[in-house]
Amino acid sequence: MAVYTLEDYVGFINEKTTDIYSLVANVEAVFENLQRSIMLQGMAKLDFTPLTPAAVLLLEWKQEQAVDIVDTCVNGKEGSNNPSLKQFIECMDFPVTLIETANQWRNVKTFVTNAGNACSDAELEVSKWEGDGQEAYEYMRRFRQAPAFKATVDFTEKMAEVLEDFADGVLSYYNDLHTNIISLINTVKNFLGSVMSIKLVQAFVDLLSETCGTITDLIWSIVKSLAKARIAGNTILDSVGANLGYTMENKWPTPDVSSFSDFSTWDKSDSAWEVR
């Protein structure tokens, strides 16, 4: 059994965009062909009953229903909050870019890890340096910089995981969405040019309604998954910063004197760096 990726499903749906954007016109053609067939035969083959005014009105009503259902699904409806297929197609490759972004976060993690290791190795030997400057340096290195590096490493990894989880989570939605899009296209094509009874007309409209409803629900599921990923990302940012030391105060202290010779604010003294 073939295993497809998000990028594969984006490609599959892209291949069907012409058929998708032709759906409304094809639904209209279904009913136009049916009316043409009725006119040519002079008798409605709608349950084998004569073409009465009631039958004409019913057919027109079903046509309006079918066109409205498909048009709303494909192009959206003014005043409606439901996402349309057209809107989805314009940004459906976004989850694919999130996977790329996750890889970029992991690259950042590597760079920060290397920088943290370099900082950890940059220890001033007590045999060579002493005084408040040396103590302030060690304090900054161990209790400010080290936690900040750790926090950043944790943050980058968790962000990458959130993005990957989102991409993995919507994969099944993309699979089902592709399946239902194909089903909708085939449903319209199968009925195009066929002579239907009233019962089949109703079944056609019901099938359009069900499939379009499923498509809209699947797009909503993808949108909601993205919202959850965003919330999770914000939560990670806040918790990592608050709990692991990545704060606005994580910076070198400002010298208390105008002279660059004194970088110590550890005890507010005037002692400078001292070389043994």
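The values are calculated or read from the model by the stated rules, or taken from the named source; none is laboratory data. Here the structure is a predicted model, which is why all the values come from computation and not from measurement. When we count neighbours, we look across all protein chains shown, and the Cβ atoms used for this are built from the backbone with ideal geometry, even at glycine.
Residues that are farther than 30 Å from residue 30 by Cβ and of a type in the set (S, T, N, Q) number at least 2 in the following helices (runs of 4 or more DSSP H) confined to segment 60-163: 94-121.
Do any residues in segment 54-79 that are of a type in the set (Asp, Glu) have Cβ atoms under 6 Å from those of residues that are part of a helix (DSSP H, G or I), where the two are at least six apart or on different chains, and which pairs are they? From segment 54-79, the pairs are 71/24. Any residue at all in segment 15-22 that's modelled with pLDDT under 65, surrounded by fewer than 11 Cβ atoms within 10 Å (Cβ to Cβ) and not basic (Lys, Arg)? No, there is no match, as no residue in segment 15-22 is modelled with pLDDT under 65, surrounded by fewer than 11 Cβ atoms within 10 Å (Cβ to Cβ) and not basic (Lys, Arg). With respect to the conditions (1) closer than 27 Å to residue 224 by Cα; (2) out of contact with any Asp or Glu (no Cβ under 7 Å at 6 or more places or on another chain); (3) at pLDDT 85 or above, residue 80 falls short on a single one, namely (3).
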